[in-house]
Amino acid sequence: MDLKGDSGRVINSVVLVATASQTECDTAAAKMVQTVLDASARKGVTGTVKSTECKTELDARMARLFANQPTFVTYMALARGKPEERETRMLYWGVTVQESDMLCEMVPQIQKRWTGKVSCVQATR
């Protein structure tokens, strides 16, 4: 997903969700896209979905995210709480170190709407 603010700057976002089946993946993808677009619009940001894809396996680099290991970017880790929640990871490219720190400051807001533990995993610097 591309997120474009008033300044015209574009930030790339990827959301990964661990699902149990293709059907659940398709449903989760549609719901996640709508949730992110709605949240972006409330912040005055235009969101454009580039693609959605369901995979049976992630490459090793992305799989590390589900182990909450520091990686090349700062990301949000949303653990499963309620039965309908799924392990979710939210990544952003094209942000400065200060902006990635600001993303981490969003954890309490997200935690209000998510019963599983929400955390920020800082990029290796």
Note to self: Give me the percent relative contact order of segment 41-99, please, defined on Cα pairs under 8 angstrom at least 6 residues apart.
What the structure shows: 21 percent
Notebook entry, point to check: Residue by residue, what Karplus-based ³J(HN,Hα) values in Hz, rounded to whole numbers, does segment 77-94 have, using 6.51, -1.76 and 1.60 with θ = phi - 60° and x for Gly and Pro?
Noted result: 10, 10, 7, 6, x, 5, x, 7, 7, 10, 4, 9, 10, 10, 10, 9, 10, x
Checklist line | Gain on full stretching of the segment that runs from A63 to T124 - 0.36 nm per residue minus C-alpha separation | finding: 20.3 nm
Next item on the list: In nm, give the distance between the simple-model label positions of D2 and K50, each being 7 Å from the Cα along the Cα-to-Cβ direction.
Entry: 0.8 nm
Next item on the list: Would you mind putting 81-90, 34-43 in packing order, based on average other-beta-carbon counts within 10 Å, highest first?
Entry: 81-90, 34-43
Notebook entry, point to check: Carbon and sulfur together cover what percent of the accessible area of the chain at a 1.4 Å probe radius?
Noted result: 54 percent
Margin query: Below 8 Å between Cα atoms, with a sequence gap of 6+, how large is the relative contact order for segment 1-99 in percent?
Written below: 35 percent
Next item on the list: First measure r as the distance between the Cβ atoms of R9 and V33, then evaluate 1/(1 + (r/R0)^6) with R0 = 25 Å and state the FRET efficiency to the nearest 0.05.
Entry: 0.75
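Before rounding to the nearest 500, sum -39500 (n - 2.57) across all DSSP H runs of length at least 4 in the chain and divide by the residue total; then give [θ] at 222 nm in deg cm²/dmol. Walk me through the intermediate numbers first.
Numbers: 4 runs with 38 residues, N = 125.
After summing the helix terms and dividing by the residues of the chain, the value is -9000 deg cm²/dmol.
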Note to self: How much accessible area per residue does the chain have, counting only protein heavy atoms and a probe of 1.4 Å, in square angstrom?
What the structure shows: 63 Å²
Item checked: Paired Rg and Dmax values of the chain, which use every Cα atom, in angstrom -> 14.1, 40
Check: How many nm is it between the label spots at C104 and A41, if each spot is 7 Å from the Cα in line with the beta carbon?
Finding: 3.2 nm
Next item on the list: Given the peptides 115-122, 104-111, arrange them by the average over their residues of other C-beta atoms within 10 Å, most packed first.
Entry: 115-122, 104-111
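The values are calculated or read from the model by the stated rules, or taken from the named source; none is laboratory data. From a predicted model like this one, the values you see are computed outputs, not experimental measurements. Methodologically, a virtual Cβ is constructed for each residue, glycine included, from the backbone with ideal geometry; neighbour enumeration extends over all protein chains shown. When the accessible area is computed, the model is the full protein with side chains, heavy atoms only, and any ligands, DNA or RNA have been set aside. Shrake-Rupley method; radii C 1.70, N 1.55, O 1.52, S 1.80 Å.
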